[in-house]
Amino acid sequence: MKSFEVTGKKDTRSGFGAGLLELGKSNADVVAMCADLTGSLTMHHFEKEFPNRFFQAGIAEANMMGVAAGMALAGKIPFTGTFANFSTGRVYDQIRQSIAYSGANVKICASHAGLTLGEDGATHQILEDIGLMKMLPGMTVINPCDYNQTKQATIAIAEHQGPVYLRFGRPKWPVFIPEDAKFEIGKALMISPGTDVSIFATGHMVWKAIEAGIELEKMGISAEVINIHTIKPLDAQAIIESVSKTGCAVSAEEHQMNGGLGDSIAQVLSRNLPSPLEMVAVNDSFGESGTPDELLVKYGLDTPNIIEAAKKSIARKSN
């Protein structure tokens with residue numbers, strides 16, 4: 001397991017804000033819209049620098065999506081911003097009908113996703129959003145792992161033609177992706193090669209997978225850790241190549257087990273390379289109020305859970 005240079009801790013939402021500001025300086029067609037959560041999504045930097053290209057929708061998320069679709073059809077590149085729960089569940093009809101159906105070039109940017117939202121509790125901790133969005137025809141779904149990758153993804157999606165769902169979070173998280181790394185939509189990122197088990201992780205769980213890989217190496221188990229930052233389109237080739245080598249796999253995500261990354265990987269393997277797959281995810285449950293670390297432990301999304309899943313997957317391969 002190769003070593004990683006952690007350059008500190010930053011929240012991924014700040015990576016989005018930094019990327020949006022940089023886009024504002026380089027692309028005059030980029031406009032931003034927010035549903036009364038400008039500070040929470042760190043969109044205030046863009047608002048201050050480009051007040052004529054920033055639009056405050058207020059607590060009217062459905063209206064924001066409709067306006068964004070109209071702006072996209074007029075040639076602008078709108079970035080909408082609100083919490084993940086309000087970016088998907090509350091406005092699914094508007095996204096489906098006005099954005100996805102018409103292929104509108106809208107970038108739906110969603111913060112405070114998953115259990116690591118923490119103390120705000122189950123009503124805000126959406127764990128179904130990836131499933132909702134990946135089922136929409138033509139929708140690209142991206143879930144970066146740290147501050148740097150979120151900034152890189154934010155910049156990259158402006159060049160992509162078509163609707164995008166970009167998911168990020170609230171807590172400060174280790175920063176380990178190089179600042180100058182290239183972000184390629186639909187291309188999995190090899191974190192560390194291995195030979196005994198493939199660990200496919202997304203979002204905050206990539207760091208947990210790295211921790212698990214380090215501990216597994218101490219046990220004599222070589223784990224290949226791969227960052228699946230783009231859930232749709234999924235890098236099926238990278239998955240098949242990895243599991244062809246290791247013979248078994250683990251998926252790790254801060255999302256429901258139903259409808260998430262694990263489901264997508266299972267489809268790839270079942271069609272191309274039937275292999276043992278263990279899923280580390282929330283198992284058919286809502287969240288609750290608590291600190292991010294407490295919730296990850298309680299709902300089975302911590303480093304030890306990935307380690308145990310890897311051992312179980314390897315055992316299934318051996319049998």
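Where a number appears in this text, it was derived from the coordinates with a stated rule and is not lab data. In this text, all values refer to a predicted model and were calculated from it rather than measured experimentally. Virtual Cβ from ideal backbone geometry, glycine too; neighbours counted across all protein chains shown.
Run through the DSSP bridge list for the chain and note the antiparallel percent, rounded to the nearest 5. Can you show the working numbers first?
Numbers: 8 of 42 bridges.
Roughly 20 percent of the beta bridges in the chain run antiparallel, per DSSP.
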message: As a footprinting exposure proxy, order Leu23, Leu166 by other Cβ within 10 Å, with the fewest listed first.
response: Leu23, Leu166
statement: Residues Tyr147, Tyr92, Tyr299 in order from fewest to most other beta-carbon atoms within 10 Å are Tyr92, Tyr299, Tyr147
- line: Check: C-alpha center the stretch 249-302 vs C-alpha center the stretch 182-196, spacing in Å is 19 Å
query: If one computes the Cα centroid of the stretch 204-218 and of the stretch 36-75, what distance in Å separates the two points?
result: 37 Å
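Please rank His124, His44, His204, fewest neighbouring Cβ atoms within 10 Å first, as an exposure proxy.
Working: His124 18, His44 15, His204 27.
Lowest to highest Cβ neighbour count: His44, His124, His204.
Restricting to Cα pairs below 8 Å that are 6+ residues apart, what does the relative contact order work out to for the chain? Please round to a whole percent.
The value is 18 percent.
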task: Just check the stretch 204-312 against the gyration tensor rule for me: Cα atoms, a ≥ b ≥ c as the square roots of the eigenvalues, rounded for a/c under 1.5, and otherwise prolate or oblate depending on whether a/b exceeds b/c.
output: oblate
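Taking the square root of 5 times each eigenvalue of the Cα gyration tensor, what semi-axes in Å does the equivalent ellipsoid of the stretch 172-232 have, largest first?
Details: eigenvalues 85, 36, 20 Å².
Semi-axes, largest first: 21, 13, 10 Å.
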query: Hey, what angle do you get for helix 205-218 against the long axis of the chain, alpha-carbon based, 0 to 90 degrees rounded to 10?
result: 20 degrees
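Nearest-5 percent of antiparallel DSSP beta bridges in the stretch 189-318? Mind showing how you got there, number by number?
Working: 3 of 17 bridges.
Taking every DSSP beta bridge with both residues in the stretch 189-318, the antiparallel ones total about 20 percent.
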- request: Identify the GluC sites (Glu not before Pro) of the stretch 51-154 meeting these criteria: DSSP loop state and at most 12 other C-beta atoms within 10 Å of the C-beta.
  value: none
statement: To the nearest 10 degrees, the tilt of helix 261-272 (Cα long axis) against the first principal axis of the alpha carbons of the chain is 60 degrees
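Only four residue types carry charge here, +1 at the Cβ of Lys and Arg and -1 at the Cβ of Asp and Glu. Report the dipole size of the chain about the Cα centre in Debye, rounded to the nearest 20. Numbers along the way, then the final one.
Working: 28 positive and 35 negative charges, 108 e Å.
Here the chain has a charge dipole of around 520 debye.
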- prompt: If one takes the longest principal axis of the Cα atoms in the chain, at what angle in degrees, from 0 to 90 and to the nearest 10, does the Cα axis of helix 236-246 lie?
  reply: 20 degrees
Check: the stretch 4-46 dipole with +1 on Lys, Arg Cβ and -1 on Asp, Glu Cβ, in debye: 100 debye
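Taking the Cα centre of the stretch 210-319 as origin, work out the dipole magnitude from +1 charges on Lys and Arg Cβ and -1 charges on Asp and Glu Cβ, in debye rounded to 20. Write out the running numbers ahead of the final one.
Working: 9 positive and 16 negative charges, 119 e Å.
Roughly 580 debye, rounded to the nearest 20.
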field: Lys25-Phe4 FRET efficiency (beta carbon distance; Förster radius 41 Å; 0.05 resolution)
entry: 0.85
